[in-house]
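Notes to accompany the following structure.
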Amino acid sequence: MTHRILLLPGDGIGPEIVAEAQKLLSVLPMAMSVESALLGGVAVDVTGQPLPDETLEKAKAADCVILGAVGGPKWDGLANAQRPEKGLLGLRAGMGLFANLRPAKLYKELEAASSLKPEVVSGLDILIVRELTGGLYFGQPRGIRPATDPVREGEREGFNTYVYCEHEIERIGRVAFEMASQRQGRLCSIDKANVLEVTQLWREVMTRLAPEYPNVTLSHMYVDNAAMQLVRAPKQFDVLVTGNLFGDILSDQAAMLTGSIGMLPSASLNASQHGLFEPCHGSAPDIAGRGMANPLATLLSVALACRYSLDEPTIADRIERAIQRVLASGLRTVDIAQAGQASVSTEAMGDAVVKAFLAAVIEK
């Protein structure tokens, strides 16, 4: 079987980190066809749209998509429909990517880089399952309008709609229960059921699903408490499942537990297990073109693509072991380097991972 892979370098540091992903892909022992397309600000510059029709069609036809990052101050003044982020949201919706998996694993070699004490985060390995195509980000109606309250005449008000249907909650719940059943068997559902009716329904559906997974223990936690617990005692968690907005915030918070957001990969999957794989960090325009970006989250995203969309778990394991070997050797990009520790460039880190991967293949 020849795997069809689409690369979307995007904006900012995106082309630099995707170049390292392409370098890694070139040495993987599997048949593949690889092509590239435009997404985000660069797509606006060329086509006038953040998600060209051609890109969406290629993405739908691919087995997996590897994305760099989108956005930057250059495009901040554009109309809402043309903003680079709209291209990413449209891609997620167009591909039906409802399940976002964000593993947060702390490598032993990076314990000192975490913002928390080593005894709090040592051995951390959690998974956040985020619903990706519903909630506030997609709810209608939405917009900015004249204030509807006569007392506020002359003002404007912004409004968004927070909505989830039962089937949306159920399908992300099943993904989370399945993931927990393959790990430590603990699932914590994050909501705000004491305030929001949407999450009252969320909690009800999660509770209803639980008896179908007797090997998984389900618990519930309000999102504000979950945010606190992630920095107080993060190892109490195994798998967390939550909606789009809460998952966006909590997964970025979890990133700092691992030493740097540059270490966090993600997988966004549809019902067919085809997916979009990307680092959790943004486009970092302040360091774009300077060779400072950490490519490891992108390379770990390639590993997730092999595991979830390409059915190549052995290759995924080898990529992850290669990255751990590189970290054990002492190589660091600037975001994970400690005071007084030398750092290497984006390209040098990518080269080191490729070398370690090839060495592991040879040894086997």
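The table for this structure:
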quantity	calculated
Order by protection proxy (mean Cβ within 10 Å, highest first), peptides 222-230, 247-255	247-255, 222-230
Using a Förster distance of 35 Å, the FRET efficiency for Ala147-Ser272 (Cβ separation, nearest 0.05)	0.20
Helix-only CD estimate at 222 nm, as mean residue ellipticity for the chain, using -39500 (n - 2.57) per DSSP H run (n ≥ 4)	-12500 deg cm²/dmol
Eligible lysines near Lys86 by straight Cα distance, threshold 16 Å, same-chain separation 8 or greater	Lys74
Nonlocal amide H pairs with Leu240, under 5 Å, H built at 1.01 Å	Leu127, Ile128, Val129, Cys188
Relative contact order (%) - criterion: Cα under 8 Å, at least six apart; region: the chain	21 percent
Mean separation of Cα contacts under 8 Å (6+ apart) over length of the range 213-364, as relative contact order %	18 percent
Rounded if a/c under 1.5, otherwise prolate or oblate - the range 49-106, Cα gyration tensor axes	oblate
Accessible surface of the chain, 1.4 Å probe, proportion on carbon and sulfur as whole %	53 percent
DSSP H segments from the chain that extend 15 Å or more along their own axis, Cα-based, with Kyte-Doolittle mean of 1.0 or above	296-308, 346-363
Share of Cα-Cα pairs in the range 45-187 lying beyond 21 Å, as whole percent	64 percent
Alpha-carbon centroid distance for the pair the range 301-364 / the range 86-109, whole angstrom	20 Å
Modelled FRET efficiency - R0 22 Å, Thr161 with Thr207, Cβ distances, 0.05 increments	0.35
Accessible surface ranking that places the most exposed of Thr258, Thr161 first, with a 1.4 angstrom probe	Thr161, Thr258
The range 186-257 shape via C-alpha gyration tensor axes, a/c threshold 1.5	oblate
Size of electric dipole in the chain: Cβ of Lys, Arg +1 and of Asp, Glu -1, about Cα centre, debye, nearest 20	580 debye
Whole-angstrom gap from the range 150-174 to the range 25-55, using each part's C-alpha centre	32 Å
Most to least accessible of His167, His281 (protein chains only, probe 1.4 Å)	His167, His281
Taking the range 176-253 and dividing mean pair separation by its residue count, relative contact order in percent (alpha carbons under 8 Å, at least six apart)	43 percent
Accessible surface of Ser329 - all protein chains present, 1.4 Å probe, nearest 10 Å²	80 Å²
Accessible-area value, Ser36, 1.4 Å probe, nucleic acids and ligands omitted, Å²	60 Å²
Bins of 10 Å, starting at 0 and running to the largest distance - Cα pair percent for the range 1-120	12, 35, 30, 17, 5, 0
Within the range 285-337: Cβ-based charge dipole about Cα centre, in debye rounded to nearest 20 (Lys, Arg +1; Asp, Glu -1)	200 debye
Residue-normalised accessible area of the chain, expressed per residue, 1.4 Å probe, Å²	43 Å²
Rounded to the nearest 10 Å², the accessible area of Glu109 at probe 1.4 Å	60 Å²
In Å, descending, principal axis extents of the Cα set of the range 214-333	42, 34, 27
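The values are calculated or read from the model by the stated rules, or taken from the named source; none is laboratory data. Remember, it's a predicted structure, so these values are computed and weren't measured experimentally. Cβ: placed from backbone, ideal geometry, glycine included. Neighbour counts: every protein chain shown. Just so you know, the surface numbers come from the protein's heavy atoms only, side chains and all, with ligands and any DNA or RNA stripped out. Shrake-Rupley method; radii C 1.70, N 1.55, O 1.52, S 1.80 Å.
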